[in-house]
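Novice: I'd like to ask some things about the structure below.
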There are 2 protein chains.
Amino acid sequence: MIKKVLAGLLCGVALLTAGILIGHYGIEKSGGSTSASWVNDVGRDVDEKMLEEFLSQVDNIHIQENLRALTKVPHMATTAGDEQTVQLMLKRWQDPDSGLDQAWREEYMVYLSFPDPDKPNQVTVVNASNSALHTAREKEKAYTADQNHPDVVQPYAAYSPAGHARGKLVYANYGRVGDYKLLSQNVDLKGTIAITRYGGAGRADKAINAAPHGVIGVLVYTDPGDINDGFMSDINETYPHSWYMPPSGAERGSFNTHYGDMLTPYFAAKEDTYRLPVENITGIPPIPIQPIGFEDAYALICELDGGPAPQDWQGSFNCTYNLGGPGFRPTSAFANSDVKLDVYNYEEVKNSSNVMGVIRGSVEPDRYVIYGNHRDSWVHGAIDPSSGTSVMLELSRVLGQKVKRGTWRPRRSIIFGSWGAEEFGLIGSAEYTEQYFTKLSERTVAYINVDIAVLANAFLRASGMPSLQKVIFTAAKQVKAPGQDSMSVYDKWIQYANRTSPVHGPIPRVGYLTGAGSDYAPFVHHLGITSLDLSYTYDRTKTKARIYPAYHTAYDTFDYASRFIDPGFYAHQAVGRTAGSILVRLADSLLLPFSCSDYAESLEDYLHVGLDLYEEKLHAQHISTDPLKIAVANFRKAATHLDQVIRRSDLANETPLKVRRINDQLMLLDRAFLNPLAFPNKYGYRHVIWASSDSGAATFPGLSDACSRAMSSDKPSDWADVHYHVSVVSQAIEGAAYMLLDVI
Amino acid sequence: MIKKVLAGLLCGVALLTAGILIGHYGIEKSGGSTSASWVNDVGRDVDEKMLEEFLSQVDNIHIQENLRALTKVPHMATTAGDEQTVQLMLKRWQDPDSGLDQAWREEYMVYLSFPDPDKPNQVTVVNASNSALHTAREKEKAYTADQNHPDVVQPYAAYSPAGHARGKLVYANYGRVGDYKLLSQNVDLKGTIAITRYGGAGRADKAINAAPHGVIGVLVYTDPGDINDGFMSDINETYPHSWYMPPSGAERGSFNTHYGDMLTPYFAAKEDTYRLPVENITGIPPIPIQPIGFEDAYALICELDGGPAPQDWQGSFNCTYNLGGPGFRPTSAFANSDVKLDVYNYEEVKNSSNVMGVIRGSVEPDRYVIYGNHRDSWVHGAIDPSSGTSVMLELSRVLGQKVKRGTWRPRRSIIFGSWGAEEFGLIGSAEYTEQYFTKLSERTVAYINVDIAVLANAFLRASGMPSLQKVIFTAAKQVKAPGQDSMSVYDKWIQYANRTSPVHGPIPRVGYLTGAGSDYAPFVHHLGITSLDLSYTYDRTKTKARIYPAYHTAYDTFDYASRFIDPGFYAHQAVGRTAGSILVRLADSLLLPFSCSDYAESLEDYLHVGLDLYEEKLHAQHISTDPLKIAVANFRKAATHLDQVIRRSDLANETPLKVRRINDQLMLLDRAFLNPLAFPNKYGYRHVIWASSDSGAATFPGLSDACSRAMSSDKPSDWADVHYHVSVVSQAIEGAAYMLLDVI
């Protein structure tokens, strides 16, 4: 009986247990959503295995072949060559096996400037009887078939007005305000032509600064000392024998000071969009300007009259750069001759295309990580911009493959942008941000820009908002340096460019995006989107070149890139992997890898520099610096607080609305620094921390410029403007701190 | 045996079943997050039962007692009475049983204007020998103890400059531009004093429009015809015998055209904030101006010289309003006399407080529904603003009780704001939006304003963004009309104010928030936050009063409100319940109750009105209207699309990030209409759909005003501005449409 009872009991226990097991594991909970399939998805973080696999698939040879395809023909904005690259991008991004979810083109009608192919711009030396004693080269000398391509555009200054100027030549160094001032103290500049060298001032400024002195035309060239590490008389020392600029090389460029389509500021440039009257455009040369090669500049400068210019005006030609005249030495073959400048540029509103491609996010499709680069070049544009585009295409190929195979889909959406008409002033990217202003403002996590991917193959150059420093470092540590087995990109970087952080100790130096050098500008300055810009760069101890020597010339070709910039394309690969790791981390991380404490550190740096430079002066004017100090301290406190909230959370298991909330705090932080009224005279600049600054001090730009002006003028209204900027900056920082505090 | 086996089997089945039940319901699933407690919370919608209970608890007697407490003493901004109301709000919102999660005060240092208590402003009729023949009342006549309170401020025009003007009197109707123009064609206005009636133009405009004609001082009064439905000679017909304005009643007011602290535009007015030089302030009277009661106006106007003014200049005094002179009739006792105006106002930067209170949201604390009203009055301010504050306190009491008892907590955070210094130009609310600009922009779902809760007890007046129409209707249908058993607030409303919607058929008319009449303005115009404003109002067939007659006088007291405006406080209760239902629906709905299709309907209305008025003229100027038409059509398509997405979703059971995404699309829609550069001359106006318009046409305001100017001047630059505004509006609408489309 006991046995039977025991057996019955055991049987009962077994049945009960079986029941419990079935009940617990065998039946999905109904009602509520406790069994919802999305519960695990929403808590998923970066898959490091997938990421490693992805990076290993980023292939140098693919990048090389992308570059070859992109640089077959010159592809200046809106030309037939540009259209070929549009088609190439669309084909790749619409590829059924390795394309994106969607890709399309978007067109804008934008104001461009071209030389007249039938009437090339000319620079001649003419004597009193109008005989041409010297004529500058119209095009660069051909060393490969590339330079002979019929679509190679003549070197010219985009947005230089057409015009004909004839006058005595003077040398004006870099064409800065101070250069013309000094010159004008020695020479009557009325009716002269000034020859200037690239560097030291913005392109357009060389003409804008000249005109008030009566100068009627400007020439610009690249001094060998600024690009070739000295004057190379031996032609065998320059390209095609080295990376150095050949004597006929001339840098093209856009000669304007605002970015975006100049006729439609703050509007997308569509067919019927309101356009400014052309005569209302500001920031372009008021007088004709034309670039020439240094061989022609040599022929002119070494013949100039006058006495020796100051030491810092001397370039590297083997002659003395004279200040004086105006005109040529009486002993010169050019004695009494004028320089004649004939510019036939014309402006035209033309259709320029962006090519867009997207991978839809699985969990948060309404959060965007944007990765972009421009597509247009001046000539073949192998380095600028095709090195970046080659890398972008390789990243999109590998990620696209995973998406098409169904093995991966990012948490957030990824948008790739191939911008048009960047060379004319970041036009494609600016129009994009103007057209989709609110949508992008509200949803964009970050913008990654890789334009010139590789300037040289020494180490990584990264610039961006301080909040991104962390993820850049993580990525850089994960990727091997080009040609290195044991060193990472990070290891190389810290060797070349480093600083000591009070918190992190010695770390690589991440730059700030204070200018408008590439398509990050509209994202940073107009939208206030957390952005970064990456490239591989050169060892400054080995060259003084202001940029890679073929920049904006007809020598920036596949041949040049593959032989002199990055043989084997390993630096391209390293940049691609670093950018790719950042991209996937931004797109896939559960918690955005942004550090607001690192932002606090930069604000503290800015504060200290600003106080050192200006505090005494402000106090003398009874302008309190307390609001600034308090704001930065409040920001630090708020950042520390948010870091704590994050540390104490179990974000993978708490409601997905919690991590979303924190991510929104991080994502929108930079938006709090926008003030559309802060810089009424700086088109497109709204980010009060990173705006460009005339003073150049590493502190709050508006405040710094206002202080410079006030200290120089000592006018009460200028000091009032200083006070205004103290309020602009301190209230923006307070506003940013509010974003980091408890949400209620 | 069979029995035993059966018993054993049954027992076994029972045990197994018990086990299954225990296993399924008794044990939380572990691993993953499938057992997470938040899964059900995040999908929860409005609890209609809780809502009904809440509304039933909103009590008329509590509202009455709130009003009594709030109106004990005059509480003009920054006075001792104001501080008493600050303390009252804090006490209520910090109450341990019915308070909010947190409450605190926030202070701003703002620029205010007061009469000198020691030297009252004076208006006198003086003859050639400087004898005063008539002196206007300095204060209103006392009918109850309230008017005798020592803190009753003299009627004055805030921001009128101090000054002394003496000259011949002229009658200038409403003081509009056209009124002075007509007057100046008949009289030399140099050195005159103009008497104007309230209405027809902004307060400050009556002086601003006068000064260019040489007028040196302005009086303003309320004509009985505009407030009392006719001239009441019998004192027994006005308060305290009816709601009508007594003969000595004078409307106080702020005489400025911009809102917010005038010294710190776009900044929070903190101690060290940059302040404009006082002489740079625009939009205030350039000459002294002073309000007087109609008994004094009667004494002056009926003695004026000249011939009969046009019919539409005639008010309701039993005399002819003459145009001419200047000065009094030769037959008048005032013959040859001047009017002398002595204004002793002074300006002062003073501390004004907002009182803030919050209930933290349970699921989405980072989404805010803001409910606010100002606290400051001109005198006792029973109706304006304390009727609204009494309602707000009752809503916060009932909701606070639920929170304190743990029986309810909203999905989203609720922020209550009791704004300071509204009467001086919406200062408290404006400073709040300036201080927390980005935080509020990014997180605020909606702003609900209930200022004057009850003007009269006929029907609901609601104004707001069209997307809110739906939730306003839902709430209005849910609440019984005051004094009605069978009719809802909605039923009454549709009787009095209705329109026929192409989609919905006959519906009550919801107005638009195009002005700056109360604290919604900074939310709508500066932040672009979806807002609404509610009150109960009067039957226009029964009165022509431009506003309730005690408005801004010493008669706006508890006695007045409880005897003539809303005896029994049932209209207050109905407004409170309607606003309360909207508040809880906005805070608790899973899907925000916003209709973007209703927004599309309003844009279509605006488009059609605009095309009817201007299309022909635009085409004659070769300005295409296609961008507008296309933008509105695209918005409609996008709205229809989002409606479909919503219909096809099962939001309670899908990932909470989906409903969040859709809610963000709805919440941020209005932000896309902001353009900080659209109205460079209209301080604080950035919303291109709802900005105020000088033309007054029910269409896009910037475009409409630009068209008016261009049609009148026919200057090419004015037509260019029209084209500019076509682009402003069409690109804003396109930008809004992008917000509603698929997020990628």
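The values are calculated or read from the model by the stated rules, or taken from the named source; none is laboratory data. Values in this document were obtained by computation on a predicted structure and should not be read as measured data. For neighbour counting, all protein chains shown are included, and Cβ atoms are generated from backbone atoms with ideal geometry for every residue, glycine included.
Novice: Tally time: how many residues in segment A:212-222 are touching a strand residue (DSSP E or B) at 6+ places or on another chain (Cβ under 7 Å) and part of a loop (DSSP other than H, G, I, E, B)?
Specialist: So the count comes out to 3.
Novice: Moving on. Is there any pair with a first residue in segment A:594-609 that is touching a residue at least 24 places away in the same chain (Cβ under 8 Å) and hydroxyl-bearing (Ser, Thr, Tyr) and a second that is outside any helix (DSSP H, G or I) and surrounded by fewer than 19 Cβ atoms within 10 Å (Cβ to Cβ) whose Cβ atoms are under 7 Å apart and which are 6 or more apart or on different chains, and what are they?
Specialist: A:606/A:698
Novice: So if I check each of B:447, B:496, which one is within 28 Å of residue A:733 (Cβ to Cβ) and among the aromatic types (Phe, Trp, Tyr)?
Specialist: Unique residue meeting the criteria: B:447.
Novice: Can I ask one more? Would you check if there is a residue in segment B:276-287 being at pLDDT 95 or above, closer than 23 Å to residue B:182 by Cβ and buried (at least 24 other Cβ atoms within 10 Å of the Cβ)?
Specialist: Yes, that holds for at least one residue.
Novice: In segment A:223-238, which residues are at negative phi, part of a loop (DSSP other than H, G, I, E, B) and in contact with a Ser or Thr (Cβ under 9 Å, 6 or more places away or on another chain)?
Specialist: A:223, A:228, A:231, A:232
Novice: Also, quick follow-up: What helices (runs of 4 or more DSSP H), lying completely within segment A:589-700, carry at least 3 residues that are away from chain B (no Cβ under 12 Å) and closer than 30 Å to residue B:658 by Cβ?
Specialist: A:626-647
Novice: Tell me, yes or no, whether segment B:176-188 has at least one residue that is in contact with a Lys or Arg (Cβ under 6 Å, 6 or more places away or on another chain) and closer than 20 Å to residue B:202 by Cβ.
Specialist: Looking for residues that are in contact with a Lys or Arg (Cβ under 6 Å, 6 or more places away or on another chain) and closer than 20 Å to residue B:202 by Cβ, one finds none in segment B:176-188, hence no.
Novice: Given the criterion surrounded by fewer than 20 Cβ atoms within 10 Å (Cβ to Cβ), modelled with pLDDT under 60, facing chain A (nearest Cβ under 8 Å) and part of a helix (DSSP H, G or I), identify the matching residue among B:19, B:32, B:8.
Specialist: Result of the check over B:19, B:32, B:8: B:8.
Novice: While we're looking at this one, here's another question. Can you name the condition, by its number, that residue B:104 falls short on among (1) within 30 Å of residue A:38 (Cα to Cα); (2) within 14 Å of chain A (Cβ to nearest Cβ)?
Specialist: (1)
Novice: Where residues in segment B:483-511 are over 18 Å from the mean Cα position of the chain (by Cα) and either charged (D, E, K, R) or at pLDDT below 95 (or both), which of them is nearest to residue B:227 (Cα to Cα)?
Specialist: B:492
Novice: While we're on this one: Restricting attention to segment A:706-730, and to residues there that are acidic (Asp, Glu) and over 16 Å from residue A:625 (Cα atoms), which single residue is farthest from the other protein chains (Cβ to nearest Cβ)?
Specialist: Per the criteria, the residue is A:714.
Novice: More than 14 Å from chain A (Cβ to nearest Cβ) and under 22 Å from residue B:94 (Cα atoms) - does that describe any residue in segment B:422-443?
Specialist: There is at least one residue in segment B:422-443 that is more than 14 Å from chain A (Cβ to nearest Cβ) and under 22 Å from residue B:94 (Cα atoms).
Novice: Residue by residue through segment A:356-383, note down the ones that are more than 30 Å from residue A:407 (Cα to Cα) and in contact with a helix residue (DSSP H, G or I) (Cβ under 7 Å, 6 or more places away or on another chain).
Specialist: Result: A:376, A:377, A:380, A:382, A:383.
Novice: While we're here: Provide a single number: the residues in segment A:261-294 that are part of a loop (DSSP other than H, G, I, E, B), under 25 Å from the mean Cα position of the chain (by Cα) and either within 14 Å of another protein chain (Cβ to nearest Cβ) or on the phi < 0 side of the Ramachandran plot (or both).
Specialist: 14
Novice: Working only within segment A:326-349, note down all residues that are crowded, with 19+ Cβ neighbours inside 10 Å and of a type outside the set (Asp, Glu).
Specialist: Selection gives A:326, A:327, A:328, A:334, A:337, A:339, A:340, A:341, A:343, A:344, A:345.
Novice: Please determine, by comparing only the residues of segment A:691-700 that are in contact (Cβ under 8 Å) with a residue 12 or more places away in the chain and more than 24 Å from residue B:264 (Cα to Cα), which one is surrounded by the most Cβ atoms within 10 Å (Cβ to Cβ).
Specialist: For segment A:691-700, the residue satisfying everything is A:699.
Novice: Looking only at segment B:542-557, decide whether some residue is surrounded by fewer than 24 Cβ atoms within 10 Å (Cβ to Cβ) and part of a helix (DSSP H, G or I).
Specialist: no
Novice: Give me the residue from segment A:590-645 that is over 20 Å from residue B:439 (Cα atoms) and small (Gly, Ala, Ser) and, out of that set, surrounded by the fewest Cβ atoms within 10 Å (Cβ to Cβ).
Specialist: Step by step, filter segment A:590-645, then rank; the result is A:620.
Novice: Looking at segment A:331-364, which of its residues are polar (S, T, N, Q) and assigned to a loop (DSSP other than H, G, I, E, B)?
Specialist: Result: A:331, A:332, A:336, A:337, A:345, A:362.
Novice: Of all strands (runs of 3 or more DSSP E) completely enclosed by segment A:64-151, which ones contain at least 3 residues that are crowded, with 21+ Cβ neighbours inside 10 Å?
Specialist: In segment A:64-151, the matching strands (runs of 3 or more DSSP E) lie at A:102-114.
Novice: With the requirement that a residue be part of a loop (DSSP other than H, G, I, E, B) and either buried (at least 18 other Cβ atoms within 10 Å of the Cβ) or modelled with pLDDT under 95 (or both), what does segment B:171-198 give you?
Specialist: Those that are part of a loop (DSSP other than H, G, I, E, B) and either buried (at least 18 other Cβ atoms within 10 Å of the Cβ) or modelled with pLDDT under 95 (or both): B:172, B:173, B:174, B:175, B:176, B:187, B:189, B:192, B:198.
Novice: Out of the residues in segment B:362-391 that are under 26 Å from residue B:39 (Cβ atoms) and buried (at least 24 other Cβ atoms within 10 Å of the Cβ), which is farthest from the other protein chains (Cβ to nearest Cβ)?
Specialist: Per the criteria, the residue is B:369.
Novice: Here is a further query. State which residue is farthest from the other protein chains (Cβ to nearest Cβ) when the search covers only segment A:731-744 and only residues that are part of a helix (DSSP H, G or I) and not small (Gly, Ala, Ser).
Specialist: A:733
Novice: Right, another one. Residue by residue through segment A:647-668, note down the ones that are loosely packed, with under 15 Cβ neighbours inside 10 Å and under 34 Å from the mean Cα position of the chain (by Cα).
Specialist: If the condition is that a residue be loosely packed, with under 15 Cβ neighbours inside 10 Å and under 34 Å from the mean Cα position of the chain (by Cα), then A:647 is the only one that fits.
Novice: If you don't mind, another one. Got a number for residues in segment B:426-472 being outside any helix (DSSP H, G or I), in contact with a strand residue (DSSP E or B) (Cβ under 9 Å, 6 or more places away or on another chain) and aromatic (Phe, Trp, Tyr)?
Specialist: Total meeting the criteria: 2.
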